[in-house]
Amino acid sequence: MQVTLKIFRYNPEQDRKPRYQTYQVEAQPTDRVLDLLEYVKGHIDGTLSFRRSCAHGICGSDAMRINGRNRLACKVLVKDLQTNKITIEPLLGLRVIKDMIVDMEPFFEHYRSVKPYLINDDPPPQQERLQSPEQRARFDDTTKCILCAACTTSCPSFWANGQYVGPAAIVAAHRFIFDSRDQGAAERLKILNDQFGVFRCHTIFNCTEACPRDIQITQAIGEVKRAIATGRLD
Amino acid sequence: MKIHQHDVLVVGAGGAGLMAALYASKSANTAVLSKLYPTRSHTGTAQGGVGAALGNVEEDHPEWHTYDTVKGSDYLGDQDAIEFMCSEAVQAIYELEHMGLPFSRTPEGKIDQRPFGGHTNNVTGKPVRRACYAADRTGHMILQTLYQTCIKNKVTFFDEFQVVDLILVNGMAAGVVAVELATGEFHIFRAKAIIFATGGHGRIWEITSNAYAYTGDGVAIALRNGIPAEDMEFFQFHPTGIYRLGILITEGVRGEGGVLINGRGERFMTNYAPTVKDLASRDVISRAMYLEMAQGRGINGEWYLYLDVRPETVNHYAALDGRKRPDGSPYVVTAEELLGKLPDIIDFCRTYLGVDPMTQPMPVQPTAHYAMGGIPTNKYGQVVIDEQNRVLPGLYAAGEVACVSVHGANRLGTNSLLDLLVFGKHAGLSAAEYAKGASFQPLPADAADPARQQFDALLNSTGSENLMDIATEMKQTMMEHVGVFRTEQGMRQALAKIGELKERFRHVRISDRGKIFNTELLNAWELGNLLDLAEVTTVSALARQESRGAHARDDFPKRDDVNWLKHTLAWMRDGKIELRYKPVVITKFEPKERVY
């Protein structure tokens, strides 16, 4: 089938402002959008720039806006879009460096700010710390995050104020707050109770819809809010 | 040009690089360079598990793990290094758990374990549950946990810096040259000790499970600096890649009871590996699949087979095999249990194939997966550069880029994650220790010139050759002639083709003339690496006139221990490849015929 790609272009070394460029390509319904970008770069326009690595939805490099929705280019097939007109644009809310490449530093800064690592000062046992399958299941959903930023950059609260830590950072905090082996819940909840913390979330659900890993993000944020409100982790 | 200085420099931020950084940074000023954000590294795509004889669900011993790995390597692995890795494995897993890794758990709350190909109870010969796992995203959890621990320990990162050259002075490591992607500027990173953890090179084949980033940068840079590459003819084809796409479907599927089925509806592995069947090692299964397909027994006669993990299929064959749960009850699974243990691969199949593995079988074919060969090292991660294992002071390598050799001619599933944990850690410790007693080498004024010349040559080419065409032809050639089965005639054709492609590569057209994120230029440089490695792989494979592990020759179908029980070392000198050999370390296990 013939597909028309309308792609956001911005090269700071040449363009004063962003523009759109249109390419006609021949595609299979089962092609990934990433395959089409690769084809354009390889055969039509080598200057087209985007990040990618694993090409099957695990590394989190190629989140971008595809027909207005945040998706991984490697995880959406042409047939999923149900149209042969595909518009591809960079994520919103992060500075565009070149074409689909945005500045990820503010995103990772928010991630680091919530202490996304196990906090437990007890000397570890000789073998593993024990954890029941139920305790393990409590935070399973939020371990799936690949830090692609699709959620945070779909959030109107983040667009309104980039100082908001955003859904991905809260997901990272949730993964540790509800881990039975962790002792850092109080300090993370204090960070997230800040004016740029969880209460910037207005349960719009964009993040949950955007997540390519199907994490129930809004629910996780709700659980963190409740933990702050009640002081309990259950 | 900006010059940075650190005692220890780690190149690559996958599992091996992050382990190295965690351990080196305990006692030395350490920095990590990576062409990707660390969490984008290929370790994250590993699925099924990491091997360690914890014995949490049944009897197991590091000695059994050692023997299985030696046998799996088709006796080409160095037995001292294998014994070291398998003994260190148990502690490595506990350390990861203490860092917070969310392993799947047994009812008692211990780390759960599942069976994997080639891992056996050495008394009964039956599969043993040795793979520690976190659902089917074990690599993802290892990568996340190590990166998170690096954040906790405030490790210094230079993200999105592409390393393009190694600086050696007086035969010692002195630094590396890197391009900052965001600016296109060259930087020099000076260091007392350098650890290469740059991963593999599976992008030289058409059907591959490997990431775009897997372009063999570390081995290619080493070769250009006079360092040999070891055992490059041994490259693993994983039996179960998604048809046409090559995306990995974990061996854990077969660990949970999934079976391979041919076009006649037969579970054909019974004919090739009567004892462990679908859990034979990967080289054995990939060859069996090729033979089935070549004899017209692919699905509808096409070049794929079925991997069937529907609960009714699993339960049918588990009953035939008499498979039991650890408590002695018959092994019976439900769709719900499988969904909990294999969520990601079920998602892949639904996304890319529109197939639901709970109700339909998955179309699969062997996919290029893992480099057993690489930069030669000893078990401390030190790079060794000749037949006598002479150490290159200050240079280390770990993970897939390295060849210790613990995988020999064929790697067992779960041993790649183990390799990067154990040897990443020990490379980090050794490098930090070395840096304490070493001084910085004086940098030559023209240290960045060789790399700059490579990039200038690409930019100044006036030809019209297309990068993607060259890459595609290379991948097809390697798939056809230097894949699962090889012949002299085919490999000679491949060499001629690679020669032609290398010549055409000198005339590529680069349309992006900019500095900022010039990914076209960087991809071109990476393709140059792949072409070099394709050539080294083929030359090494052509010379080895036997079949061993992943290197299977139609014209030399038997293993030949008299002439070929030895490691290949390949040097690239003035564009020519020179081969020499070094002995395999054999301690406890004399080579014998390998039967599963």
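Annotations
- Using Cβ point charges alone (K and R +1, D and E -1), the dipole size of chain B about the Cα centre works out to roughly 260 debye.
- Cleavage-rule hits (trypsin sites (Lys or Arg not before Pro)) in the range B:56-162: DSSP loop, at most 11 neighbouring Cβ within 10 angstrom: B:K154
- Put A:H110, B:H567 in order of accessible area, highest first, and with a 1.4 Å probe you get A:H110, B:H567.
- Our coupling estimate for the range B:439-453, obtained by passing each phi through the Karplus curve with A = 6.51, B = -1.76, C = 1.60 and θ = phi - 60°, is 10, 5, 7, x, 8, x, 5, 9, 4, 8, 4, x, 5, 4, 5 Hz, Gly and Pro reported as x.
- Leading residue at positive end of dipole, the range A:110-234 (Cβ point charges), from A:A227, A:T152, A:Q131: A:T152
- Here the range A:143-199 is assigned +1 on the Cβ of each Lys and Arg and -1 on the Cβ of each Asp and Glu. Its dipole about the Cα centre then comes out at about 120 debye.
- Accessible surface calculations at 1.4 Å, restricted to protein heavy atoms, place the protein assembly as shown at 34 Å² per residue.
- Alpha-carbon Debye profile of the range B:211-337, log10 I(q)/I(0) at 0.13 Å⁻¹: -0.65
- Trypsin sites (Lys or Arg not before Pro) restricted to DSSP loop in the range B:250-315 with at most 12 other C-beta within 10 Å: B:R264
- Sites A:L92 and B:R513 - FRET efficiency at Förster radius 30 Å, r taken between beta-carbons, to 0.05: 0.55
- Positive dipole terminus of the protein assembly as shown, leading residue within B:G72, B:Q493, A:Y20 (C-beta point charges): A:Y20
- Interatomic Cα distance distribution for the range B:78-236, bins of 5 angstrom, percent: 2, 6, 10, 14, 16, 18, 15, 10, 6, 3, 1, 0
- Label-point gap, in nm, between B:A457 and B:E302 - each point 7 angstrom along Cα→Cβ: 4.2
- The ellipsoid equivalent to the alpha-carbon distribution of the range B:132-186 has semi-axes of 31, 16, 13 angstrom, derived from the gyration tensor eigenvalues as √(5λ) and listed largest first.
- Förster radius 45 Å - calculated FRET efficiency between B:A445 and A:Q135, Cβ distance, rounded to 0.05: 0.15
- Cα-based radius of gyration for the range A:180-234, normalised by 2.2 N^0.38 Å, reads 1.19.
- Solvent-free Debye calculation, one equal scatterer per alpha-carbon of chain B: log10 I(q)/I(0) at 0.07, 0.10 Å⁻¹ equals -0.38, -0.81.
- About its Cα centre, the dipole of the protein assembly as shown is roughly 1180 debye, where the only charges are +1 on Lys and Arg Cβ and -1 on Asp and Glu Cβ.
- Between B:Q493 and B:E266, the contour length at 0.36 nm per residue exceeds the alpha carbon distance by 78.2 nm.
- Our analysis of the range B:1-82 gives Rg over Rh at 1.11, with the two radii drawn from alpha carbon positions and Rh computed by the Kirkwood formula.
- The label-point distance for A:A229 and B:K588, in a model that sets each label 7 Å from Cα toward Cβ, rounds to 6.0 nm.
- Fraction of accessible area attributable to carbon and sulfur, the range B:262-409 (%, probe 1.4 Å): 50
- Those residues of the range B:119-150 for which accessible area with every protein chain present is at least 50 Å² below the isolated value (1.4 Å probe): B:R137, B:H140, B:Q148
- Residue-averaged 222 nm ellipticity for chain B, from DSSP H runs of 4+ at -39500 (n - 2.57), nearest 500: -11000 deg cm²/dmol
- Kirkwood-Stokes translational diffusion coefficient of the range B:528-582, alpha-carbon pairs, 4 °C, 1.567 mPa s, µm²/s: 107
- Overall form of the range A:1-148 per C-alpha gyration tensor (a/c, 1.5; a/b vs b/c): prolate
- Rg/Rg_ref, the range B:447-545, where Rg_ref = 2.2 N^0.38 Å and atoms are Cα: 1.19
- Computed label-point distance, nm, for sites B:R325 and B:T275 using a 7 Å Cα→Cβ extension: 2.8
- Per the Cα gyration tensor, the range B:184-228 maps to an equivalent ellipsoid with semi-axes of 24, 14, 10 Å, ordered largest to smallest.
- Three semi-axes of the equivalent ellipsoid, the range B:355-512, Cα gyration tensor, whole Å, largest first: 33, 29, 17
The values are calculated or read from the model by the stated rules, or taken from the named source; none is laboratory data. Worth saying up front: this structure is predicted, and the values here are computed from it rather than measured. Heads up, the Cβs are rebuilt from the backbone with ideal geometry, glycines too, and the neighbour counts pull from every protein chain shown. Just so you know, the surface numbers come from the protein's heavy atoms only, side chains and all, with ligands and any DNA or RNA stripped out. Shrake-Rupley method; radii C 1.70, N 1.55, O 1.52, S 1.80 Å.
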